[in-house]
Each structure stands twice: as structure tokens, then as C-alpha cells.
1. Would you pick out the residues in the range 26-39 that are closer than 28 Å to residue 179 by Cα and free of Cβ contacts under 8 Å to residues at least 40 places away in the same chain?
2. Where in the range 36-145 are the helices (runs of 4 or more DSSP H), entirely inside, with at least 3 residues that are at pLDDT 95 or above and β-branched (Val, Ile, Thr)?
3. Being surrounded by 14 or more Cβ atoms within 10 Å (Cβ to Cβ), touching a residue at least 24 places away in the same chain (Cβ under 8 Å), more than 16 Å from residue 64 (Cα to Cα) and touching a His at 6+ places or on another chain (Cβ under 8 Å): is that true of residue 167 here?
4. How many residues are part of a helix (DSSP H, G or I) and without any contact (Cβ under 8 Å) to a residue 12 or more places away in the chain when one looks only at the range 170-202?
5. Does residue 29 satisfy the criteria of being part of a loop (DSSP other than H, G, I, E, B) and of a type in the set (Val, Ile, Thr)?
6. Any idea which of (1) surrounded by fewer than 17 Cβ atoms within 10 Å (Cβ to Cβ); (2) on the phi > 0 side of the Ramachandran plot is the one residue 70 doesn't satisfy?
Amino acid sequence: MLNTGLIVKAKEVLDEIRYGEINYLPQKIVVPERLVHPRSKAWVGLEKIILDIIEFSKINANTALEFGVEFGYSTAALANYFSKVTGVDSFTGDTHAGHHGDIYEETKDNLKNFGNIELIRSDYKDFIRSREQAFDLIHVDIIHTYEDTYACGLWSAEHSACTIFHDTQSFPAVKKAVSAIAMKTKKKFYNYRKCNGLGIVI
């Protein structure tokens, strides 16, 4: 009978070699004081390591940018720690997140008690085409193709001190793109393997 623990460990070692990833083990688990109700469980759990990532990365906590807001759970989590959070999304969903119709007003209502969040209705391609502003942290959680993750993620890694990418464990294309971005920018790729995976490029 196959030992599933050994299989998982072997895959992790292979990924470390193939993608140059470093296993991220947070030292501090903290639940933010203010959150919104999660419509999806995909990001639940990651809110507890945001403070640890900030301290580990030694970044300032002034500005954060998020590509892929959906209903605002991760946006609210970031708003507990950053003075200003800008959320960019088409607010219609996608192939991987599900097509929701127009959720802009619902998301806006979800986040109405966070005065430090600005929502921008835009495709990431249009947003990065005309922006050169730098941010302390950028979160990328868009459609999980290699091409889109790489394009959005490379711009993000070049415009932030720390870039985080959701779904590195559940979508191999995302992990592959994050690895390529880290190599291109000569940064390190840390990977938190729980909660569908969170890549950290610093």
C-alpha cells in the first residue's frame, strides 16, 4: 500500500527543485480584527498569516494593491494592516472563480465599513497599461492561466516590495508562472502550501 505522506513529501521536494520554491512556515498566526463574511472558502485561513508576511518580508504597510477582489474577503483582510488598499477587478467573475454576473455593488456593500479601501472596476491589463505607481504589497488572484498570472504578476513584482499569489498549490500553471517571475526578477519564491497555496515573491 502506498504511503500518502511519503508521496506528498516527495512531490514537495520535487517542486522545490523544479520551481525553486522555499517552504514558507509562518511564525505568527493572527486573526485580523475585522473581516467580511466569506462567500467562498478558498482564501479562508490566509488572513491569519498576513501580519507574519509583512514582518517576514520587512515591508512597510502603507499601500497594498489587489488584483482579483471578487466579494472582498482578502481585501478586507489586507485592510486590517495597510493604510490604503486598492482593489482592481472586473467584478463579473471568470472561468476559474465562476461567472457571477455583476457583483460590483454587492462587493462595495460588503466593504462599506472599510474607509481605507478603494475599488476600481477594471481589467488588470488596462490597469497596468497606464500605471507606474509602486506598492508595498500586491496580491494577485486573477484567472489562473500561466499567461495571465505571468503578465500581471511580473508587473506586480516589478512594482512592489512583496507580491503574493493565491492558488499556487491548486493550479500548477500559477506555481509555474510564479517561479518564472521570481527567476526573471531575481527574487525569492516562498510558498505557503496550505489554503490552496500562497506564493510569496520578495
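The values are calculated or read from the model by the stated rules, or taken from the named source; none is laboratory data. Fair warning: this is a prediction, and the values are worked out from it, not measured in the lab. Positions of Cβ are backbone-derived with ideal geometry, glycine not excepted, and every protein chain shown enters the neighbour counts.
1. Going residue by residue through the range 26-39, those that are closer than 28 Å to residue 179 by Cα are 26-30.
If the condition is that a residue be closer than 28 Å to residue 179 by Cα and free of Cβ contacts under 8 Å to residues at least 40 places away in the same chain, then 27, 28, 29, 30 are the ones that fit.
2. Values: elements: 50-57, 73-79, 104-110, 124-129.
Filter on the range 36-145 gives 50-57.
3. Working: surrounded by 14 or more Cβ atoms within 10 Å (Cβ to Cβ): yes; touching a residue at least 24 places away in the same chain (Cβ under 8 Å): yes; more than 16 Å from residue 64 (Cα to Cα): yes; touching a His at 6+ places or on another chain (Cβ under 8 Å): yes.
Yes: the conditions hold for residue 167.
4. So in the range 170-202, the residues part of a helix (DSSP H, G or I) come out as 172-185.
Within this subset, residues satisfying the condition of being without any contact (Cβ under 8 Å) to a residue 12 or more places away in the chain are 172.
Looking only at that region, the number is 1.
5. Details: part of a loop (DSSP other than H, G, I, E, B): yes; of a type in the set (Val, Ile, Thr): yes.
Criteria met by residue 29.
6. Failing condition for residue 70: (1).
For (1) buried (at least 23 other Cβ atoms within 10 Å of the Cβ); (2) within 27 Å of residue 188 (Cα to Cα), each residue gets a yes or a no:
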position: 56; (1), (2): no, yes
position: 75; (1), (2): yes, yes
position: 78; (1), (2): yes, yes
position: 110; (1), (2): no, no
